[in-house]
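Comments concern the structure below.
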Amino acid sequence: MTPIAGILLSLGLFLFSVAQTNAKVCTLQPLGAGLDDTDQVEAAISECGQYGQVIFGAGDYNITRKMTWNLVSSQVDLYGYLSFIPDYQYWLNYNSTYRVVFIQDQASWFVVTGNDFIIDAHGQGGIKGNGQPWWSYYATGAQPRLDGDGRPIAFTLSHVQRGVVNNFHIDSPPFWCNTVADSVDVVYDGMVCNATNTDTTYAGQNIVPNTDGIDTYRSDSVSLLNWDVTCGDDCLAIKGNTTNLYVQNVICRGGNGIAFGSLGQYVDLPDNVENVVMENLQLLRLPTNIQPNMGSGVYFKSWTATVNGTPPTGGGGGTGYVKDVVARNVYVDRVNVPMHLYQTNGGYANDTPSYFQFSNLSFYNWTGTSLANKLADIECSPNAPCPNMVFGDFDVTPPAGTTPSYVCVNVVSETGLPGPCNATGRA
Ligand SMILES: *[C@@H]1O[C@H](CO)[C@@H](O)[C@H](O)[C@H]1NC(C)=O
Ligand SMILES: *[C@@H]1O[C@H](CO)[C@@H](O)[C@H](O)[C@H]1NC(C)=O
Ligand SMILES: *[C@@H]1O[C@H](CO)[C@@H](O)[C@H](O)[C@H]1NC(C)=O
Ligand SMILES: *[C@@H]1O[C@H](CO)[C@@H](O)[C@H](O)[C@H]1NC(C)=O
Ligand SMILES: *[C@@H]1O[C@H](CO)[C@@H](O)[C@H](O)[C@H]1NC(C)=O
Ligand SMILES: *[C@@H]1O[C@H](CO)[C@@H](O)[C@H](O)[C@H]1NC(C)=O
Ligand SMILES: *[C@@H]1O[C@H](CO)[C@@H](O)[C@H](O)[C@H]1NC(C)=O
């Protein structure tokens, strides 16, 4: 079955089961300025979020504390925004958030779990993360930014089976925009994430690190369709035990690019990533005063085999693999390194080289421009040389007057690059 046929089939099954059981309908409107909507939102979800429908009218719903929706055979129509109060000192208190996303002990203020549901924001609603005060606060250096420090993921899907999220907008996430973890058969169709600093004090700086569009973790059969992500970090971060991921029509504006990783951070927990198809990707550099970074098109990163401290901030020594990846129809606009692979994330020069295995990665029909002449930089570990690096129509344009270079280190076999690929030009 093609990925699209699989998606359509599963969508059809959802719609059927929701329509069959659409008994109770709850409708709500925002209470208005100065009032707290959290109680009425929780009450509506509790009343109609299982075998029913919840309809949010337009406007902002003031959410003042962490919230879980357990949706079963239901539909949520979100014509307004869940607006999370910008009180970062409150949210940073350990008990103000959940810790359902295991990797790096990340915090969540809003968790959706359950099965057979649709959340449709109709292009008119979603989440306001009100991240600007967070970004400006961290930019002062008052507190270091650390993984697991309590900055909340804006929208977490955890332990979901057969869930759909449609036409949803997440504005100003303080931290990661989305995470899907421990889930299976999830479709996101139409997602806009926008982490744009508007504090002129920090113009030209990336003060929105960690605003990843999504991190996928321990999840099977997830589809990401029609995404538009403006961020200062990984547009998509494909983390451990993501399998059968399908990605189509994604625009990444600024940030690091599309990441596989980081992987191998946990010494006792293999990260196995398999069967990822991504097509129609655009990686677009933003004006420097808004977001200075546009790292890669697609890149891959594993930790070394040496354990340097412990997660969430340290780690390494983890094993696993990434195999059977296709990235096709990719347009890059002034990226630093269009395709990049390295196995030294978080490591030091004398570490034992990684045993994490990358194999069978394919890149077809790439166009656009790179800011440097190194168009592909594949630096595999001597302990896990990479077989089957496949390129076709990889036609990214280097800066005028330069000759393209391709770096292959510990690559067992490479085909299709338009020039020789070797260790020359590694640095
Ligand atoms: C949200 O609710 C809190 C608690 O009632 C209130 O102090 C705050 O002003 C409200 N925020 C907005 C934007 O209405
Ligand atoms: C968090 O909640 C636990 C359990 O109720 C409690 O023991 C702990 O003191 C709380 N921590 C903070 C920082 O409030
Ligand atoms: C993101 O937000 C910024 C600031 O509000 C805005 O200028 C920009 O147009 C938005 N980007 C997208 C793609 O909506
Ligand atoms: C990934 O799956 C493998 C095989 O089921 C398991 O051994 C490993 O612990 C999983 N890793 C993570 C990060 O959950
Ligand atoms: C490589 O990956 C592609 C795409 O997932 C898959 O169709 C193919 O069977 C894989 N080839 C090998 C040799 O594993
Ligand atoms: C190559 O990718 C571009 C988008 O970057 C797309 O417009 C074009 O149709 C693709 N070509 C083929 C042959 O698929
Ligand atoms: C190594 O690659 C560079 C460009 O990437 C090329 O100029 C050089 O000739 C290659 N060397 C060999 C021995 O193929």
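Bear in mind that the values in this text are calculations on the coordinates, not laboratory data. Model, not experiment: these values are computed from the prediction. FYI the Cβ positions are ideal-geometry reconstructions off the backbone, even for glycines, and counts take in every protein chain you see.
A few remarks follow.
- Using Cβ point charges alone (K and R +1, D and E -1), the dipole size of the chain about the Cα centre works out to roughly 540 debye.
- Take the Cβ atoms of THR367 and GLN143, set R0 to 35 Å, and the FRET efficiency comes out at 0.25.
- Exposure proxy ranking for SER302, SER46, based on other Cβ atoms within 10 angstrom of each Cβ and starting from the fewest, stands as SER46, SER302.
- FRET E, pair TYR79, ALA23, Förster distance 22 Å, beta-carbon r, rounded to 0.05: 0.55
- Mean residue ellipticity (222 nm) of the chain, computed from DSSP H runs ≥ 4 via -39,500 (n - 2.57), nearest 500: -3000 deg cm²/dmol
- The label-point distance for ASN280 and ALA58, in a model that sets each label 7 Å from Cα toward Cβ, rounds to 2.9 nm.
- Arranged from fewest to most other beta-carbon atoms within 10 Å of their beta carbon, THR352, THR113, THR243 become THR352, THR243, THR113.
- When you restrict to C-alpha pairs under 8 Å that are six or more residues apart and normalise by the size of the stretch 3-422, the relative contact order lands at 9 percent.
- Using a Förster distance of 35 Å, the FRET efficiency for PHE102-ASP393 (Cβ separation, nearest 0.05): 0.35
- DSSP-defined beta bridges in the chain - what % are antiparallel, rounded to 5: 0
- Bridging of LYS374 to aspartates and glutamates at a Cα separation below 17 Å is possible for ASP333, ASP393, ASP395, GLU414, once same-chain residues fewer than 8 apart are set aside.
- Overall form of the stretch 54-134 per C-alpha gyration tensor (a/c, 1.5; a/b vs b/c): oblate
- Bridging of LYS239 to lysines at a Cα separation below 19 Å is possible for LYS301, LYS323, once same-chain residues fewer than 8 apart are set aside.
- Peptides 336-349, 49-62, 220-233 ordered by average Cβ neighbours within 10 Å, highest first: 220-233, 336-349, 49-62
- Under 21 Å from LYS128, Cα to Cα: lysines that are on another chain or at least 8 residues apart: LYS66
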